[in-house]
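J.: My questions all concern the structure below.
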Amino acid sequence: MRRIRLGKKWICGAVCVLLAGAFTGCGEKNEAFENAMALVQSLDYEEALAQFEEAENTGANGRLVNRGRGIAYMGLTDYDQAITCFQQALSASSGILENVDFDLNYYMAAAYAKSGRYQEAEDTYDAILALRSNEEDAYFLRGNMRLSLSDFEGAKEDFDQVISMDSKNYDRLIEIYEVLDNFGYKEAGQAYLQAALNSGDKSMDTYVMGRIYYYLEEYQKAYLALEEAKDKGGVESYLYLGRAYEATGDYNYASNVYSSYLSKYDGNAEIYNQLGLCELNRGDYQKALEAFQAGLQLEGNLVQQSLAFNEIVAYEYLGNYEQAYELLTNYMKSYPDDEQARRELDFLSTR
């Protein structure tokens with residue numbers, strides 16, 4: 001295996017930042033529907049589908065049931081069936097546009113993207129923007145699709161529009177950089193970052209500057225800024241500071257940065273994940289395993305998949321292939337579209 005997961009909170013280059021609301025507040029509450037949505041959250045998609053069936057039979061809102069089914073089918077990587085569910089939910093509209101209609105279109109575009117139907121995904125974002133021209137997310141995500149269709153100029157137009165709508169949204173600016181980098185346009189992404197530094201924005205603090213320097217690969221400037229910011233910027237400051245040291249090959253100091261955070265504050269899954277990666281690079285596979293497992297113990301974290309995968313990597317480095325195989329088999333039940341893990345499962349089955 002030997003490939004680890006960094007634990008990004010969003011996915012570069014093809015899918016979307018899905019709207020989180022479950023719309024459970026619409027109409028009367030239905031126990032089966034609420035159970036189904038909870039099962040979706042816990043990645044138990046098969047049982048969720050059974051509960052959605054029960055919810056439909058007991059009078060739950062049909063549009064929301066089909067929305068939930070679509071999300072569950074996406075979890076099972078059955079994107080065609082997911083699209084059908086979202087289309088059924090959309091076709092049941094009263095004719096008056098509601099937030100759920102836009103939510104459904106975002107999900108449907110994501111399903112198109114995950115199935116490689118990038119033109120249909122772009123068309124869906126076109127439809128969203130035709131009705132809500134101020135949807136910053138739709139411009140950003142359509143830019144992703146245009147890159148997937150090898151339309152760099154079209155993507156750049158979308159990203160330019162996103163930046164013009166909120167030039168001080170540096171989190172989104174960094175997302176744009178990461179997407180461009182993922183598609184092989186690192187220099188174009190770095191040009192956006194350099195322009196932000198050159199803008200003379202007096203509200204740009206050392207935390208923002210440190211992150212931008214990190215992606216510009218000016219690591220000394222990055223960790224000097226982030227050292228100043230770390231006690232004000234919270235966990236993200238520690239993460240970027242540690243990564244800046246990692247980028248220079250100083251895994252010992254990076255490990256100290258992550259350990260320092262954990263000694264001062266409550267446990268954080270991303271910090272544990274990054275600490276584990278440091279320990280892997282230092283060759284201390286047992287400590288790496290312990291870090292990944294500590295992160296997995298934290299509920300509600302956003303890097304659960306990365307931690308689970310990296311735990312398996314650690315067991316492989318320790319030579320415990322039997323445990324790695326067992327964990328990977330369970331992992332594939334929750335993340336069936338992970339092709340790298342599927343290939344690794346084939347490899348482990350021969351060990």
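The values are calculated or read from the model by the stated rules, or taken from the named source; none is laboratory data. Quick caveat, the model's predicted, so the values are computed rather than measured. Glycine also receives a Cβ, built like all others from the backbone with ideal geometry; neighbour counts cover every protein chain displayed.
J.: Taking GLY267, is it touching a Gly at 6+ places or on another chain (Cβ under 9 Å), more than 23 Å from ASP137 (Cβ to Cβ) and not in a helix (DSSP H, G or I)?
T.: yes
J.: Assess whether SER199 counts as being loosely packed, with under 13 Cβ neighbours inside 10 Å and over 23 Å from LEU129 (Cβ atoms).
T.: Yes: the conditions hold for SER199.
J.: Only one of these conditions is not met by ALA72: (1) part of a helix (DSSP H, G or I); (2) more than 20 Å from the chain's Cα centre (by Cα); (3) among the small types (Gly, Ala, Ser). Which number is it?
T.: It fails just one condition, (2).
J.: Out of everything in the range 147-198 that is of a type in the set (Ser, Thr, Tyr) and over 18 Å from TYR240 (Cα atoms), what residue ends up being modelled with the lowest pLDDT?
T.: SER167
J.: Name the residue, out of ASN273, ASN301, that is polar (S, T, N, Q), in contact (Cβ under 8 Å) with a residue 60 or more places away in the chain and either outside any helix (DSSP H, G or I) or in contact with a helix residue (DSSP H, G or I) (Cβ under 7 Å, 6 or more places away or on another chain) (or both).
T.: So the residue among ASN273, ASN301 that is polar (S, T, N, Q), in contact (Cβ under 8 Å) with a residue 60 or more places away in the chain and either outside any helix (DSSP H, G or I) or in contact with a helix residue (DSSP H, G or I) (Cβ under 7 Å, 6 or more places away or on another chain) (or both) is ASN273.
J.: Among the residues that make up the range 146-158, is at least one of them of a type in the set (Ser, Thr, Tyr), under 30 Å from GLY184 (Cα atoms), in the same structural domain as PHE33 (by TED's automatic domain parsing) and free of Cβ contacts under 8 Å to residues at least 60 places away in the same chain?
T.: No, that holds for no residue.
J.: Continuing with this model, one more query. Considering only residues that are free of Cβ contacts under 8 Å to residues at least 12 places away in the same chain, closer than 20 Å to ALA308 by Cα and either more than 20 Å from the chain's Cα centre (by Cα) or part of a helix (DSSP H, G or I) (or both), which ones fall in the range 28-50?
T.: GLN41
J.: Select from the range 109-122 the residues that are closer than 16 Å to GLY70 by Cβ and surrounded by fewer than 24 Cβ atoms within 10 Å (Cβ to Cβ) and list them in ascending order.
T.: LYS114, SER115, ARG117, GLU120
J.: Consider ASP231 against the criteria (1) touching a residue at least 24 places away in the same chain (Cβ under 8 Å); (2) more than 21 Å from the chain's Cα centre (by Cα): it satisfies all of them except one. Which criterion is unmet?
T.: Every listed condition holds for ASP231 apart from (1).
J.: Condition test on ALA244, is it touching a residue at least 12 places away in the same chain (Cβ under 8 Å), in a helix (DSSP H, G or I), over 13 Å from VAL208 (Cα atoms) and within 23 Å of the chain's Cα centre (by Cα)?
T.: So ALA244 passes the test.
J.: When TYR107 is evaluated against the numbered criteria (1) touching a residue at least 60 places away in the same chain (Cβ under 8 Å); (2) not in a helix (DSSP H, G or I), which criterion, by number, is the only one it fails?
T.: Failing condition for TYR107: (2).
J.: Would you confirm, using the coordinates I've provided, whether TYR214 is of a type outside the set (Gly, Ala, Ser), at pLDDT 95 or above and buried (at least 19 other Cβ atoms within 10 Å of the Cβ)?
T.: Yes.
Condition check ((1) within 21 Å of GLY75 (Cβ to Cβ); (2) surrounded by fewer than 17 Cβ atoms within 10 Å (Cβ to Cβ); (3) without any contact (Cβ under 8 Å) to a residue 12 or more places away in the chain) across all residues:
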residue	(1), (2), (3)
ASN281	no, yes, no
TYR285	no, no, no
GLN293	no, yes, no
ALA308	yes, no, no
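J.: Considering only residues that are in a helix (DSSP H, G or I) and touching a residue at least 24 places away in the same chain (Cβ under 8 Å), look in the range 183-200 and name the one that is farthest from the chain's Cα centre (by Cα).
T.: ALA196
J.: Specify the residue that is surrounded by the fewest Cβ atoms within 10 Å (Cβ to Cβ); the eligible residues are those in the range 335-351 that are among the polar types (S, T, N, Q) and more than 22 Å from the chain's Cα centre (by Cα).
T.: THR350
J.: Could I ask something else about it? Which members of the range 123-135 meet the condition of being surrounded by fewer than 17 Cβ atoms within 10 Å (Cβ to Cβ), assigned to a helix (DSSP H, G or I) and either within 19 Å of the chain's Cα centre (by Cα) or not aliphatic (A, V, I, L, M) (or both)?
T.: Selection gives ASP123, ASP126.
J.: Take the residues of the range 75-101 that are assigned to a helix (DSSP H, G or I) and among the acidic types (Asp, Glu): which is surrounded by the most Cβ atoms within 10 Å (Cβ to Cβ)?
T.: If we take residues in the range 75-101 being assigned to a helix (DSSP H, G or I) and among the acidic types (Asp, Glu), then ASP101 is surrounded by the most Cβ atoms within 10 Å (Cβ to Cβ).
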